[in-house]
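Asks: Pasting a structure here, questions to come.
The values are calculated or read from the model by the stated rules, or taken from the named source; none is laboratory data. From a predicted model like this one, the values you see are computed outputs, not experimental measurements. Positions of Cβ are generated from backbone atoms using ideal geometry, with glycine treated the same way; all protein chains shown enter the neighbour counts.
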Amino acid sequence: MSDIAAPQLDFLAPIPPRPVQPWPLWTLLRRGRRNLLEMFSEKLLNQDYSDSKVLSRRVIVCNSPETVQAALLGQHAALQRKSPQMRHALEPLLGDGLFISDGETWAKRRRLIAPVVHVNRMPLFAPVMVEAAEAAATRWAALPDDRPVLMLAEMAKLTAEIICRTVFGRALGDTHAAEIVEGFSDYQRRIGSTDMMSLLGLPDWMPRLLGPGTKRAGDRIHRVLDAIIDSHRKARAAGTAGDEPTILKLLMDAEDPATDSVFTAEGLRNEAAVLFMAGHETTANSLSWTWFLLSQAPRVAARLQAELDAVLGGRSPNLGDMPALPYTRAVFEESMRLYPPVAVLPREATEDTEILGHKVPKGAMVLVIPWLLHRKPSLWDKPDHFIPERFLPENSVGRSKYAYIPFSAGPRVCAGLAFGMTEAVLCLATLAQKFAPEMVPGTKVEPVCRLTLRPDNGLPMLLKRRV
Ligand code: HEM
């Protein structure tokens, strides 16, 4: 447990009701359908490992740094497959894209994609991130102080602009950003409620009840992405593509070092969809939670602003400033501890295996749950409080890297980790220098998790300017 000199005025971050013992099955399923977070009991929170049966399916939860390490790293070969629930929900959109593939297909995709969004590419993308954040600041400055905005929608617009511009380039990104965002929201709404049939353990081959129009919504996104990729290809062939370094260009040039293979047109489209889906809502959710937490913790907000004033003095941040902004980074990390955007990491065992001596049969569902691990009392001091200081380098010594996993861990760790962290710190630094958003008085905030963990009401906030 990290030992932190407890500051005054810590904010106790809201959580949904947590029963002491597990709910009876039907209550569990009813509650889980609305909000996955309501499925987890106090008992589960404190266990390192649990193994139960939900109807015919074995459900195993790993909830200690040791069991998480064993599942995500040690047993990667047997536990790398995403759950049927996740694969069925996302397949019409992502095909066999990196996020939901496994085995050799996954390994090949990973070798092609990881280098394109690797930390050493950030000098290419950081300027685009700051430009988009500055444009958001200009938009905000034009709004009256007393007009509420939905912070989640604001952050979704910002991160969508960033991913569209970095993947497709500024011009194409700007033209198509709104259309792509709308397409993805439509898709999400349709797959919206959790596919409980998979939790109930029905076999993988049975048709699932995806929401109506899911395939149509996926096709609509494909049409836009295909048109963008096609115009990019034509421009390259005609020598008019310009020299803006986009992710799409890097993907088109990428060659798998192990097999010399390159992307097909469909493969490119699938990976563009993966990058948009994986890289847009996660950052938007966690930035929104950060604004909420800052609005409730004046001591933290003041320390953040003091750091930004001292380092930047009113100018825009750049990539080189990142090492000088440890508190800004710590605020974002603490926000992802309390509200990890991917709150549940579900895997399916593809063969009989073991986790630290516990038998895991083929077909079992293995869950790693950052939402629980990040609030486990034996790992965190004051686990439900917002205390960014715990992530300052001097307070992080000795913490297992498997205790804090907002980006997952092991070979399937988020490929866009450096991208997401850079984006979040630069956006926060740009906007928090100028604004100190406040919650609309009387607003109730509830964390709800379906595919990702988001604030239920979209966080109505007032964009107060800093004086
Ligand atoms: C705060 C921001 C982000 C968070 C918290 C986050 C979190 C995660 C998590 C938890 C996973 C693993 C999911 C699982 O195992 O089920 C993941 C996978 C992935 N993420 Fe991120 N992500 C973020 C931003 C991004 C960005 C900006 C990109 C792209 C530019 C990205 C690209 C990916 C990809 C491609 C995968 C699939 C990796 C694989 O399966 O090998 N992510 N992310």
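Asks: Go through the residues of the range 299-321 one by one and say whether even a single one is aliphatic (A, V, I, L, M) and over 26 Å from Phe419 (Cα atoms). Before the answer, list the steps.
Replies: Just the residues of the range 299-321 that are aliphatic (A, V, I, L, M), to begin with: 300-302, 304, 306, 308, 310-312, 319.
Cutting the leftovers down to over 26 Å from Phe419 (Cα atoms) gives us 302.
Looking through the range 299-321, at least one residue is aliphatic (A, V, I, L, M) and over 26 Å from Phe419 (Cα atoms).
Asks: Exactly one of (1) within 26 Å of Leu453 (Cα to Cα); (2) within 12 Å of the ligand (Cβ to nearest atom) is unmet by Pro148. Its number?
Replies: Failed condition: (2).
Asks: Here's something else I'd like to know. Test Pro455 against the stated conditions and say whether it is closer than 29 Å to Met39 by Cβ and within 16 Å of the ligand (Cβ to nearest atom). Break it down into steps so the answer makes sense when it comes.
Replies: Numbers: closer than 29 Å to Met39 by Cβ: yes; within 16 Å of the ligand (Cβ to nearest atom): yes.
Yes.
Asks: Of all the residues that make up the range 323-382, how many are in a loop (DSSP other than H, G, I, E, B), within 13 Å of the ligand (Cβ to nearest atom) and out of contact with any strand residue (DSSP E or B) (no Cβ under 8 Å at 6 or more places or on another chain)?
Replies: As a first pass, look at the range 323-382 and keep what is in a loop (DSSP other than H, G, I, E, B): 325, 339-344, 349-352, 356-357, 361-364, 369, 374-382.
Cutting the leftovers down to within 13 Å of the ligand (Cβ to nearest atom) gives us 339-344, 369, 374.
Narrowing the set further to residues that are out of contact with any strand residue (DSSP E or B) (no Cβ under 8 Å at 6 or more places or on another chain) leaves 374.
Looking only at that region, the number is 1.
Each row is one residue, and each column tells you yes or no for (1) more than 11 Å from the ligand (Cβ to nearest atom); (2) of a type in the set (S, T, N, Q); (3) closer than 30 Å to Leu248 by Cα.
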{"residue": "Leu25", "(1), (2), (3)": "yes, no, no"}
{"residue": "Cys62", "(1), (2), (3)": "yes, no, no"}
{"residue": "Glu66", "(1), (2), (3)": "yes, no, no"}
{"residue": "Gln69", "(1), (2), (3)": "yes, yes, no"}
{"residue": "Arg87", "(1), (2), (3)": "no, no, yes"}
{"residue": "Ile113", "(1), (2), (3)": "no, no, yes"}
{"residue": "Val116", "(1), (2), (3)": "no, no, yes"}
{"residue": "Phe125", "(1), (2), (3)": "no, no, yes"}
{"residue": "Ala132", "(1), (2), (3)": "yes, no, yes"}
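Asks: Another one. Hey, can you tell me all the residues within the range 44-62 that are aliphatic (A, V, I, L, M) and either free of Cβ contacts under 8 Å to residues at least 60 places away in the same chain or not in a loop (DSSP other than H, G, I, E, B) (or both)? Before the answer, list the steps.
Replies: Step one: of the range 44-62, the residues aliphatic (A, V, I, L, M) are 44-45, 54-55, 59-61.
Listed by number, the residues that qualify are Leu44, Leu45, Val54, Val59, Ile60, Val61.
Asks: Sort through Leu55, Leu79 and tell me the only one that's crowded, with 16+ Cβ neighbours inside 10 Å and farther than 27 Å from Lys382 by Cβ.
Replies: Working: Leu55 fails: crowded, with 16+ Cβ neighbours inside 10 Å.
So the residue among Leu55, Leu79 that is crowded, with 16+ Cβ neighbours inside 10 Å and farther than 27 Å from Lys382 by Cβ is Leu79.
Asks: Of all the residues that make up the range 101-115, how many are buried (at least 21 other Cβ atoms within 10 Å of the Cβ) and not charged (D, E, K, R)? Talk me through it step by step, then tell me what you get.
Replies: Filtering the range 101-115 down to residues buried (at least 21 other Cβ atoms within 10 Å of the Cβ) leaves 101, 109, 112-113.
Filter again for not charged (D, E, K, R), leaving 101, 112-113.
Total satisfying the criteria: 3.
Asks: Please go through the range 229-248 and give me each residue that is assigned to a helix (DSSP H, G or I) and either touching a residue at least 40 places away in the same chain (Cβ under 8 Å) or touching a Leu at 6+ places or on another chain (Cβ under 7 Å) (or both), ordered by number. Quick ask: steps written out before the conclusion?
Replies: First pass over the range 229-248, keeping only residues assigned to a helix (DSSP H, G or I): 229-238, 247-248.
Correct list: Ile229, Ser231, His232, Ile247, Leu248.
Asks: Here is a further query. Could you list, in sequence order, all residues of the range 136-155 that are surrounded by 15 or more Cβ atoms within 10 Å (Cβ to Cβ) and of a type outside the set (Phe, Trp, Tyr)? I'd like the intermediate steps shown before the answer.
Replies: First pass over the range 136-155, keeping only residues surrounded by 15 or more Cβ atoms within 10 Å (Cβ to Cβ): 136-137, 140, 148-155.
Scanning the range 136-155 gives Ala136, Ala137, Pro148, Val149, Leu150, Met151, Leu152, Ala153, Glu154, Met155.
Asks: A follow-up question, please. Let me spell it out: the conditions are (1) under 27 Å from Asp352 (Cα atoms); (2) small (Gly, Ala, Ser); (3) at pLDDT below 95, and Gly32 meets all of them except one. Which number is the exception?
Replies: For Gly32, the failing item is (1).
Asks: Can you pull out the residues in the range 58-73 that are touching a Leu at 6+ places or on another chain (Cβ under 9 Å) and surrounded by fewer than 18 Cβ atoms within 10 Å (Cβ to Cβ)?
Replies: Within the range 58-73, Val59, Glu66 meet the criteria.
Asks: Within the range 262-271, identify whether any single residue is at pLDDT below 85 and either surrounded by 13 or more Cβ atoms within 10 Å (Cβ to Cβ) or assigned to a helix (DSSP H, G or I) (or both), and answer yes or no. Please lay out each step first, then the result.
Replies: Filtering the range 262-271 for residues at pLDDT below 85 gives 262-263.
Narrowing further to those that are either surrounded by 13 or more Cβ atoms within 10 Å (Cβ to Cβ) or assigned to a helix (DSSP H, G or I) (or both): 262-263.
Scanning the range 262-271, I find at least one residue that is at pLDDT below 85 and either surrounded by 13 or more Cβ atoms within 10 Å (Cβ to Cβ) or assigned to a helix (DSSP H, G or I) (or both), so the answer is yes.
Asks: Return the residue satisfying two criteria in turn: it lies in the range 391-410 and is more than 21 Å from the chain's Cα centre (by Cα) and over 28 Å from Gln80 (Cα atoms), and of such residues it is surrounded by the most Cβ atoms within 10 Å (Cβ to Cβ).
Replies: Ranking the qualifying residues of the range 391-410, first place goes to Asn395.
Asks: Scan the range 388-399 and give yes if some residue there is part of a loop (DSSP other than H, G, I, E, B), polar (S, T, N, Q) and more than 14 Å from the ligand (Cβ to nearest atom), otherwise no. Please lay out each step first, then the result.
Replies: Taking the range 388-399 as the starting set, the residues that turn out to be part of a loop (DSSP other than H, G, I, E, B) are 392, 397-399.
Going one step further and asking which of them are polar (S, T, N, Q), we end up with none.
No, there is no match, as no residue in the range 388-399 is part of a loop (DSSP other than H, G, I, E, B), polar (S, T, N, Q) and more than 14 Å from the ligand (Cβ to nearest atom).
Asks: Name every residue in the range 36-64 that is aromatic (Phe, Trp, Tyr) and more than 23 Å from the chain's Cα centre (by Cα), in order of residue number. Give the derivation first.
Replies: Initially, the range 36-64 is screened for residues aromatic (Phe, Trp, Tyr), giving 40, 49.
Tyr49 - this is the single residue of the range 36-64 that is aromatic (Phe, Trp, Tyr) and more than 23 Å from the chain's Cα centre (by Cα).
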